[in-house]
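Asks: One structure, pasted below without further comment.
The values are calculated or read from the model by the stated rules, or taken from the named source; none is laboratory data. Keep in mind it's a predicted model, so treat the numbers as computed, not measured. Cβ sites come from the backbone with ideal geometry, for glycine too, and all protein chains shown count toward neighbours. These accessible areas exclude ligands, DNA and RNA; they are computed on the full protein's heavy atoms, side chains included. Shrake-Rupley method; radii C 1.70, N 1.55, O 1.52, S 1.80 Å.
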Amino acid sequence: MLRDKRRFGRLHAALFACVAGICSPAMPARSEAAGPDHWAVTGIAGNDVLTLRVAPKPSAARTGAVPPDGRQLQNLGCTTVPSLAEWQSMSPKQQRAAQAGRWCKVRYNGRTGWARGKFLREDGG
């Protein structure tokens, strides 16, 4: 029974994270959470690209780029996101920073790299 309650708590946190726009399939501290199989690019200007990097940080070397209308980026996991309790205890400014700080490892057209999570949305098609 206790195990079921814990599993429900983790599921609830994962669902909340997805509603909040910060879901991920492989959160190192919370590996039970699930996210989309694929991402689509969002929030990138039509004349720009989403840069893929060798590590989850802006200063890391580039490994490739995805066009602003890129779809079906295979989701290979994202950096840790806050738990439901952590999220609820954050100020709106801290919540925005947590969302902006998420990075996801993706594979697109044979290239693998890390992309800023704020430029990814779930791609169901």
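Asks: Give the stretch 97-109 a look and list any residue that's assigned to a helix (DSSP H, G or I), in contact with a helix residue (DSSP H, G or I) (Cβ under 9 Å, 6 or more places away or on another chain) and open to solvent by 40 Å² or more (accessible area, probe 1.4 Å), or say none.
Replies: The one that is assigned to a helix (DSSP H, G or I), in contact with a helix residue (DSSP H, G or I) (Cβ under 9 Å, 6 or more places away or on another chain) and open to solvent by 40 Å² or more (accessible area, probe 1.4 Å): Gln99.
Asks: To continue, here is another question. Say we look at the stretch 11-60 and pick out the residues that are at pLDDT below 95 and among the acidic types (Asp, Glu); which of these is nearest to Leu84 (Cα to Cα)?
Replies: That would be Glu32.
Asks: Would you point out the residue of the stretch 66-92, among those that are among the hydrophobic types (A, V, I, L, M, F, W, C) and under 17 Å from the mean Cα position of the chain (by Cα), that is modelled with the lowest pLDDT?
Replies: Among those that are among the hydrophobic types (A, V, I, L, M, F, W, C) and under 17 Å from the mean Cα position of the chain (by Cα), it is Val81.
Asks: So which residues in the stretch 110-125 are assigned to a strand (DSSP E or B) and open to solvent by 100 Å² or more (accessible area, probe 1.4 Å), if there are any at all?
Replies: Answer for the stretch 110-125, where residues must be assigned to a strand (DSSP E or B) and open to solvent by 100 Å² or more (accessible area, probe 1.4 Å): Arg111, Arg121, Glu122.
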